[in-house]
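Taking it in order: structure first as structure tokens, then the write-up.
The values are calculated or read from the model by the stated rules, or taken from the named source; none is laboratory data. Values in this document were obtained by computation on a predicted structure and should not be read as measured data. Neighbour counts are summed over all protein chains in view; Cβ atoms, including those assigned to glycine, are modelled from backbone coordinates with ideal geometry. Each accessible area value is taken on the protein alone, full model and side chains, heavy atoms only, with ligands, DNA and RNA left out. Shrake-Rupley method; radii C 1.70, N 1.55, O 1.52, S 1.80 Å.
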Amino acid sequence: MIQTILLKNRPKGKPTLSDFQFVEEKKDLNLQEGEILLETTYISVDPYLRGRMSDAKSYVPPFEVGKPITSGIVAKVIDSQNDKFQQGDYVSGMMDWKTQQVSKGEGLLKINKDLAPLSAYLGILGMTGLTAYCGLTQIGKPKAGETLVVSGAAGAVGSVVGQIGKILGLYVVGIAGTDEKVVMLTSDFGFDHAINYNTTEDMGTALKTACPDGIDIYFDNVGGPISDAVLFNINKFARMIICGAISVYNNTEIPKSISVHPFLVKNSALMQGFIVSNYSEKFPEAMKQLSTWLMEGKLTYKETVVEGFENTPQAFLDLFEGKNKGKMIVKV
Ligand SMILES: NC(=O)c1ccc[n+]([C@@H]2O[C@H](COP(=O)([O-])OP(=O)(O)OC[C@H]3O[C@@H](n4cnc5c(N)ncnc54)[C@H](OP(=O)(O)O)[C@@H]3O)[C@@H](O)[C@H]2O)c1
């Protein structure tokens, strides 16, 4: 039996389970020359999928209603009519939310399960690790001794950004949503300081106290009032990497924010939107560096692994409730 998850409706506001549809079909997948049969092992659920569920213009086309959702997947080759892939190989790439599927292998990367656990290729050695490395180094241009603030700090991207910041000699402050995550940031990931935005009334003052020398680099994963508070504490020539804005992804109206212009002018500061796919020429360098730091024990990572294909939509919804620590992944 092959199971597929389709987009049933375009969500209005916060997505719900009723926006997804499960389909089950009994069919033999016969391979043509050049094709491979894949069995899904791990599925990555990511906040950016929310954007693709709506039909607003963006940097990737929207999902089609009635068609499968796609995301980063690790799969096992269970049959092959393609010389480049053998039975038993593992691959990663963008695939449909299906338990099994046929592919021509285009855009799929063979991965080495002896180098790192398979799930790592969806996180630290996958899209979110590349995002952290490329965003911080290419836009943040960090210099040892500077102060880095990271929002969404306990998540897949944020937890890696903060650790890279420490490796590069920065003073690192993380912002996350629970006391448990705040403790994890300083004790497990080596951040210098962390702030729970849910229990902090005045984020501006909290950041001022946490960053006595002001903020040189802001890695923004969340947008909204947290990022507004950062603006009051930036230094001259600050760099702000606008990687994500999860706090407003489910808004039904255009979010109201303070005007950034005076902050940018006064501080000669840079605010730049970041999309990881624009940095593909940096991926080999990033992968090499991330793997080296992992092997040297300088970098670590956490995963929240949800078991069962049928729980994929719920795992995605849980990202908006902060239920993950590190990368949220579904084990099929
Ligand atoms: N531009 C790119 O190329 C690119 C690539 C990858 C990811 N991203 C973006 O980077 C951000 C992080 O992605 P990720 O994959 O690492 O996800 P993640 O941080 O692992 O998971 C999402 C986290 O967001 C936090 N969150 C949820 N609602 C929030 C709210 N209203 N205010 C503040 N925080 C909230 C939750 O943590 P708390 O418990 O701390 O609230 C949750 O754990 C997302 O905005 C994503 O879209 C962008």
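Structure summary
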{"item": "Looking only at region 13-38, and only at residues there that are of a type in the set (D, E, K, R) and in contact with a helix residue (DSSP H, G or I) (Cβ under 9 Å, 6 or more places away or on another chain), the one that is least open to solvent (accessible area, probe 1.4 Å)", "result": "ASP19"}
{"item": "Flag for LYS298 being more than 13 Å from the ligand (Cβ to nearest atom), open to solvent by 30 Å² or more (accessible area, probe 1.4 Å) and within 21 Å of LEU7 (Cα to Cα)", "result": "no"}
{"item": "Filter result for GLY105 (at pLDDT 95 or above and either within 30 Å of GLU253 (Cβ to Cβ) or part of a loop (DSSP other than H, G, I, E, B) (or both))", "result": "yes"}
{"item": "All strands (runs of 3 or more DSSP E) inside region 119-236 with 1 or more residues being open to solvent by less than 10 Å² (accessible area, probe 1.4 Å) and at positive phi", "result": "none"}
{"item": "Selected residue (criterion: surrounded by the most Cβ atoms within 10 Å (Cβ to Cβ)) from residues of region 237-252 that are away from the ligand (no atom under 15 Å from the Cβ) and closer than 27 Å to GLY51 by Cβ", "result": "ALA238"}
{"item": "Checking SER277 against (1) small (Gly, Ala, Ser); (2) part of a helix (DSSP H, G or I); (3) closer than 19 Å to GLY51 by Cα; (4) open to solvent by less than 60 Å² (accessible area, probe 1.4 Å), the condition it does not meet", "result": "(4)"}
{"item": "Residues of region 303-332 satisfying the condition of being of a type in the set (D, E, K, R), within 11 Å of the ligand (Cβ to nearest atom) and surrounded by fewer than 18 Cβ atoms within 10 Å (Cβ to Cβ)", "result": "ASP318, GLU321, LYS323"}
{"item": "Subset of region 278-293 that is in contact (Cβ under 8 Å) with a residue 60 or more places away in the chain and over 29 Å from VAL230 (Cβ atoms) - its residue that is farthest from the ligand (Cβ to nearest atom)", "result": "SER291"}
{"item": "Members of region 289-315 that are farther than 18 Å from THR70 by Cα, among the polar types (S, T, N, Q) and in a helix (DSSP H, G or I)", "result": "GLN289, SER291, THR292"}
{"item": "Lone unmet requirement of (1) away from the ligand (no atom under 15 Å from the Cβ); (2) in contact with a helix residue (DSSP H, G or I) (Cβ under 7 Å, 6 or more places away or on another chain); (3) farther than 20 Å from PHE274 by Cβ for THR205", "result": "(2)"}
{"item": "Pair list, Cβ under 7 Å, 6 or more apart: region 253-277 residue closer than 17 Å to ILE217 by Cβ, other residue in a loop (DSSP other than H, G, I, E, B) and β-branched (Val, Ile, Thr)", "result": "MET271/VAL260"}
